[in-house]
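These notes concern the structure reproduced below.
The values are calculated or read from the model by the stated rules, or taken from the named source; none is laboratory data. Everything quoted here is computed from the prediction, not taken from an experiment. Counting neighbours? That spans all protein chains shown, and the Cβs are built from the backbone with ideal geometry, glycine included. These accessible areas exclude ligands, DNA and RNA; they are computed on the full protein's heavy atoms, side chains included. Shrake-Rupley method; radii C 1.70, N 1.55, O 1.52, S 1.80 Å.
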Amino acid sequence: MTGSARSFPLETPGYDAGLRRETPLAAVLRERIRTSGPLSLAEYQDVCLNDPSHGYYRNRLAIGRGGDFITAPEISQVFGELIGLWCVVAWQQMGSPKPFRLIELGPGRGTLMRDMIRAAGIARGFLDSAEIWLVEPSPTLREVQGSLLGETSVPIQWCGSIEEIEAETRSGAGLEDRNDVAILIGNEFLDVLPADQLVRSPNGWSLRHVALDQSDALSYADLALKLGDHARLGLETASLEALMAATNPGDIVTIPRRDAALSRILASFDRLAALFIDYGYCGASRGDTFQAVRDQRYEHPLTSPGEADLTHLIDFDCVKRQFSDDFLVDGPVSQGDFLGRLGIIERASRLMSANPSSATTIESGVARLLSPQGMGGRFQAIGIRTKSVRPLPGF
Ligand code: SAH
């Protein structure tokens, strides 16, 4: 078993209520819906991933060959090494500041940061200047990251949420020049942030909810958009009208929840270089982008609440729009193009010459990261920087 990335297939399996698994969270959700009514899709995703007792990320070791899905850093060390070198170049472009924050959001097993540190270590002064912060809500994953990164000699600090980093940044704000520069990385991070779905009917919009059907099973219910929903979703009447003109009945439009803490933390640094890589698309997608993966297989998102990974494909045009008011945005470009411009082929060749016995594994890992029909084409990279920072490498 080589492990499957969470980008495939794009088709969501149909919902068969008979296959539904009676997870501990399913009972909690049914009770909640009975007393307080249907949950919006974003609320459902949030509870399934983050419920303190039964949430998917709280207790499970989801990522890696034995987990539910596999990510780029778990496929090839070259991925993390190139991101490490990307950080070095961004740091040098900012004038090699000391200190600066190196922040990773959602570090998974810690593999990306380990490989980044190894590669970036060759640049004089980089690691000595970096204050490394990992933002990870899952205690299980924090432990895995701790033991993997314990091998490195670099001190690392953990936060359970972006809000915690923010609080820490504020408390350190009295120290002159402390928190003014940050390099921030998020691989497969944006897709865990909850999103809603608007479903287009012949003459209006419905908001997708999770409700109970006649047999008390969780089921989708598309409820007419109410007045208060507009503000909550950050939708103006004009943008809904524009969407109406661009869509057909039956189309589904994904509306990511604006993550206020993420926007604030990005805006809190005088100089920032941020990189997000995720699976997603540019241009219009009018289909269902909500997906569940369990045990390296796709299932319908209502099948195993709390025990499957739930993500949305990312609309990168929308990410670009969200950040363009306050930042300069580089890309999006496909992961294949991004890694190509960072020199993945040259780096892999050097690694293969130095380790002939692993050459086949290195080659097939890199091919997987670059494949236009696979991760190379379906994942996109986007760079976000403050106005004083020069264009970021790879775009
Ligand atoms: N970046 C890693 C893992 C991606 S999986 C890799 O490439 O392998 C998503 C990661 O985001 C997990 O570590 C998960 O626990 C974390 N996560 C989930 N919700 C989060 C949140 N709200 N804030 C920060 N991290 C979160």
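Quick notes on this one:
- When segment 294-325 is filtered for residues that are of a type in the set (Asp, Glu) and out of contact with any strand residue (DSSP E or B) (no Cβ under 9 Å at 6 or more places or on another chain), the ones remaining, listed by number, are 295, 325.
- Residue 87 meets the conditions (1) open to solvent by less than 10 Å² (accessible area, probe 1.4 Å); (2) assigned to a strand (DSSP E or B) in every case but one. The failed one is (2).
- A residue that is within 11 Å of the ligand (Cβ to nearest atom) and among the basic types (Lys, Arg) occurs somewhere in segment 140-155.
- Some residue of segment 47-54 being outside any helix (DSSP H, G or I), open to solvent by 10 Å² or more (accessible area, probe 1.4 Å), under 19 Å from residue 186 (Cα atoms) and not acidic (Asp, Glu): no
- Taking the numbered list (1) more than 11 Å from the ligand (Cβ to nearest atom); (2) surrounded by fewer than 15 Cβ atoms within 10 Å (Cβ to Cβ) in turn, residue 118 passes all entries but (2).
- Filtered by the rule that a residue be open to solvent by 20 Å² or more (accessible area, probe 1.4 Å) and within 15 Å of the ligand (Cβ to nearest atom), segment 290-313 gives 294, 296, 307, 313.
- Test: residue in segment 124-134 that is in contact with a Cys (Cβ under 8 Å, 6 or more places away or on another chain) and part of a loop (DSSP other than H, G, I, E, B): no
- Some residue of segment 341-355 being touching a strand residue (DSSP E or B) at 6+ places or on another chain (Cβ under 7 Å) and open to solvent by less than 20 Å² (accessible area, probe 1.4 Å): no
- Filter pass, residue 104 being within 12 Å of the ligand (Cβ to nearest atom) and either charged (D, E, K, R) or out of contact with any Cys (no Cβ under 7 Å at 6 or more places or on another chain) (or both): yes
- Qualifying residues in segment 249-294 (those that are among the acidic types (Asp, Glu) and under 24 Å from residue 70 (Cβ atoms)) - the one nearest to the chain's Cα centre (by Cα): 278
Conditions tested, residue by residue: (1) under 30 Å from residue 391 (Cα atoms); (2) in contact with a His (Cβ under 6 Å, 6 or more places away or on another chain).
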{"residue": "232", "(1), (2)": "no, no"}
{"residue": "238", "(1), (2)": "no, no"}
{"residue": "245", "(1), (2)": "no, no"}
{"residue": "254", "(1), (2)": "yes, yes"}
{"residue": "260", "(1), (2)": "yes, no"}
{"residue": "269", "(1), (2)": "yes, no"}
{"residue": "272", "(1), (2)": "yes, no"}
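- With respect to the conditions (1) out of contact with any strand residue (DSSP E or B) (no Cβ under 9 Å at 6 or more places or on another chain); (2) at negative phi; (3) surrounded by fewer than 20 Cβ atoms within 10 Å (Cβ to Cβ), residue 60 lacks only one, and its number is (1).
- For residue 145, the conditions (1) of a type in the set (S, T, N, Q); (2) open to solvent by less than 10 Å² (accessible area, probe 1.4 Å); (3) not in a helix (DSSP H, G or I) all hold with the exception of (3).
- All conditions in (1) of a type outside the set (A, V, I, L, M, F, W, C); (2) in a loop (DSSP other than H, G, I, E, B); (3) surrounded by 19 or more Cβ atoms within 10 Å (Cβ to Cβ); (4) more than 16 Å from the ligand (Cβ to nearest atom) hold for residue 287, with the sole exception of (3).
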